[in-house]
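Written below as structure tokens is the structure these notes are about.
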Number of protein chains: 2
Amino acid sequence: MKDSRITLKDLAQVLNLSPSTISRALADHPAISEATKEKVQKKAEELGFIPNSIASSFRKKKSHTLGVIVPRIDIHFHSLVISGIEEFAYKTGYNVTIFQSKDSITREKEITKLLQNKMVEGVIVCLATETYNYDHFKKFRKLGVPLVFYDRVPSNYDTNKIVINDFESAFKATEHLIKKGCTRIAHIAGNQSTPIFKARLQGYKSAIKKHHGNLDEKLIIPCKTLSYEEGALCAEKFLKFSPMPDGIFCANDYTAVSVIQVFRKAGIKIPEDTAVVGFSNYPISRVIEPHLTTINDRAFQMGIEAAKLLIRLIEEEKKSIKSETITLETELIIRESSMKP
Amino acid sequence: MKDSRITLKDLAQVLNLSPSTISRALADHPAISEATKEKVQKKAEELGFIPNSIASSFRKKKSHTLGVIVPRIDIHFHSLVISGIEEFAYKTGYNVTIFQSKDSITREKEITKLLQNKMVEGVIVCLATETYNYDHFKKFRKLGVPLVFYDRVPSNYDTNKIVINDFESAFKATEHLIKKGCTRIAHIAGNQSTPIFKARLQGYKSAIKKHHGNLDEKLIIPCKTLSYEEGALCAEKFLKFSPMPDGIFCANDYTAVSVIQVFRKAGIKIPEDTAVVGFSNYPISRVIEPHLTTINDRAFQMGIEAAKLLIRLIEEEKKSIKSETITLETELIIRESSMKP
DNA sequence: CTGAAAGCGCTTACAG
DNA sequence: CTGAAAGCGCTTACAG
């Protein structure tokens, strides 16, 4: 940032006007005559005047910046959310500054401190897996900086949230398998200390109980990270069951893909012998063969809604005290992996 | 940003010291006595003093912010690069503000204008596909704001670049197929107006000529976007060749995956009948069966290097006039899709 | 080792 | 419709 920049004062001098007038003219203030506005705008253009937005932010106490904290940017779900946030923020004139917590609560705390003096006007957060205490977010409220959480949101903490209905989505997915004629439906469950995976398990259970009456707990295999590798381990276990499950609802797409591959190698036909449903609609779900039936988790839309809500909270006159939770409708995308004949 | 914030002046009053001293004490200035420093730091902590970093940025004319322009955040390659940028920037105390050009030159131009008055200290860019004129970046040089381009970089424009050696990578990939015994190697080529795809084609040609002497131009199929769908179309074409190619080097992983799937459906064995190599090492490459041999394009490292170079340029005393190009070494990751017996 | 003063480049309430 | 003045919250060269 060399000092070759022209300032309002320079412009004022050249035009024999006061800096106040220049400032107003460029801001299209109604009190300024059209003639002056034109003159000023023309000169500003001519001299390549670039307003110093830091000075303006400083003076107006508005940074027009949103802070975003995600566990990792390179996870497709989060990159979609960020894309949605950027899209809405850009259209509304806000900048987006991103931080990765790397799923470390220590780093998450560091970042919240940073953001507090960075004077961001609002913050969007997906919590680190390690985070079960939310004290480091309390300061934002005191500072009048609104927060919106998405996906991994605080429990027992009154705040703004954007979520999908995990319970109903899981219910819908499981019910789909039931309607396709599956009678022995297994579930690969996520970490039960994470609310979304707990809700997915509940949705599964609820659908089974409603249609089949009783539930075989042995058909539920809990996972820690729901990785591709963990999925393979689950699949191996299922192969030893007798009778084998004829339907599997997986809490994410990675494990679903893994199950499909291990089963096929073992000679099990998908979906004829065992139907498989995933969760998230990752790109891989329409590449794996057979293509995977899954839940569209609306990641991009989540980003849009998070930014929209946050900016509304920022711009609202009296910062509303009531917290909002927006629940997005998901969609079951039916593909070959569950298309039993 | 409510006005409940405590300022340096407030602290000064409480402690009966001047704001200058407070400022210095908090900045750990050597001229301040340890006793005073401690007193100030303690009180600052106690009153929950948060320095206003916008005021500081304004005063010091240092925003400590990097601007990043990518075509889309939700493309895995870019999300990896951004992740690398954030990682390095975070450690060095810089913030990262991201923008998506959506591959539109109009939007790219808008963003450069925005960034000019946002007072970012440096900018990292991957050009929009539409961009063949770089005038909108010239202003940054005048302002003393360094630029670093990555992946899709300007041609015939003197600037800082982070790239991989596409020619050699393609050469290496093709040579690998040759060494595996392939004698009729095809290439799915990318858009030839994009330098990286041009270089990949050249690398392919060069390897073929070196080892096989002559080149059969019919074995080169040009694509526009190298999408999964386009890959399938190419595969269909290959199936009609006689004799069929016994090796295919694809300019990206999407088309490679597509080829594998179409070929397998047609009863062609991979790698026995036809070996396939991709480019990029996308996550899908280690999921597709058989796992895909591909080039690791070092996306994360690219982000690290881009940030490192940019921050060096920002912090260098005399902004160096010479432009730098950093070429990262790629790596051929050999997996099953090319493991001919 | 500490302080008084000036100033970064804007914006805005007040005055005319 | 335009201007003079104050000030946002820091930092820093200068003085002591």
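Tabulated results
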| quantity | calculated |
| --- | --- |
| Inter-centroid distance (Cα atoms) of the stretch A:277-341 relative to the stretch B:191-241, Å | 37 |
| Distance histogram in 10 Å bins (all Cα pairs of the protein assembly as shown, percent per bin) | 3, 13, 20, 22, 19, 12, 7, 3, 0, 0 |
| Per-copy distances of the A:ASP10 label point, shortest first, in nm (7 angstrom along Cα→Cβ) | 3.7 |
| Protection proxy ranking, peptides A:324-333, B:240-249, average beta carbon neighbours within 10 Å, highest first | B:240-249, A:324-333 |
| Test item: Cα-centred dipole of chain B, Lys/Arg +1 and Asp/Glu -1 on Cβ, debye | 760 |
| Dimensions (Å) - the stretch A:39-132, Cα atoms, principal axes, largest first | 58, 27, 17 |
| Point-charge dipole on Cβ atoms (K/R +1, D/E -1) for the stretch B:8-51, about Cα centre, debye to 20 | 120 |
| Sites A:ARG59 and B:ILE333 - FRET efficiency at Förster radius 56 Å, r taken between beta-carbons, to 0.05 | 0.55 |
| Spacing of the two label points (7 Å from each Cα toward its C-beta) at A:LEU233 and B:THR325, in nm | 4.8 |
| Ratio Rg/Rh [Cα only; Rh per Kirkwood] for the stretch B:8-51 | 0.90 |
| Which of B:SER323, A:SER285, A:SER337 has the fewest Cβ neighbours within 10 Å, and the rest in rising order | B:SER323, A:SER285, A:SER337 |
| Among A:VAL40, A:ALA307, A:PHE149 - extreme Cα towards positive end, dipole of the protein assembly as shown, charges at beta-carbon | A:VAL40 |
| Average beta carbon contacts from partner chains per residue of B:57-64, 10 Å cutoff | 4 |
| In degrees, nearest ten, helix A:105-117 long axis to first principal axis of chain A (Cα) | 20 |
| Convex hull volume per residue in cubic angstrom - Cα atoms of the stretch A:103-259 | 118 |
| All Cα pairs of the stretch B:246-286, percent lying beyond 11 Å | 59 |
| FRET efficiency, 1/(1 + (r/R0)^6) with R0 51 Å, evaluated for B:THR225 and A:LYS39 via beta carbons | 0.60 |
| Helix axis angle, A:195-212 relative to chain A longest principal axis, alpha carbon, degrees | 40 |
| Taking the C-alpha atoms of the stretch B:163-256, convex hull volume expressed per residue in Å³ | 86 |
| Two-site FRET efficiency, B:HIS212 against A:GLN192, from Cβ-Cβ distance with R₀ of 56 Å, rounded to 0.05 | 0.45 |
| Overall dimensions of the stretch B:263-341 by Cα: Rg and Dmax, Å | 19.2, 63 |
| For the stretch A:217-315, convex hull volume per residue from C-alpha positions, Å³ | 111 |
| Relative contact order %, chain A, counting alpha carbon pairs below 8 Å whose residues are six or more apart | 17 |
| Computed label-point distance, nm, for sites A:SER104 and B:SER18 using a 7 Å Cα→Cβ extension | 4.1 |
| Copies compared at A:LYS265 - label distances in nm, ascending, label defined 7 Å from Cα in the Cβ direction | 2.4 |
| Under 18 Å from the Cα of A:LYS37 - lysines, other chains or at least 8 residues apart | A:LYS9 |
| Under 25 Å from B:LYS102, Cα to Cα: lysines that are on another chain or at least 8 residues apart | A:LYS91, A:LYS308, B:LYS113, B:LYS118, B:LYS138, B:LYS139, B:LYS161, B:LYS198, B:LYS224 |
| Tensor-based shape of chain A (alpha-carbon gyration tensor, a/c under 1.5 rounded, otherwise prolate or oblate) | prolate |
| Label distances, nm, A:GLY144 versus same residue in remaining copies, Cβ-directed 7 Å point | 3.5 |
| Estimated inter-spin distance, A:GLU315 and B:ASP158, nm [label 7 Å along Cα→Cβ] | 4.5 |
| Most positive-pole-ward Cα, B:THR112, B:ILE208, B:ILE260, against dipole of chain B from beta carbon charges | B:THR112 |
| Trypsin sites (Lys or Arg not before Pro) within the stretch A:267-316, DSSP loop, no more than 14 other Cβ atoms inside 10 Å | A:LYS269 |
| Acute angle (nearest 10 degrees) that the helix A:253-265 long axis makes with the longest principal axis of chain A, alpha-carbon atoms | 30 |
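All of the numbers you see were taken from the coordinates with simple rules; none came from a lab. Model, not experiment: these values are computed from the prediction. Because the Cβ atoms are built from the backbone with ideal geometry, glycine has one as well, and the counts that use them run over all protein chains shown.
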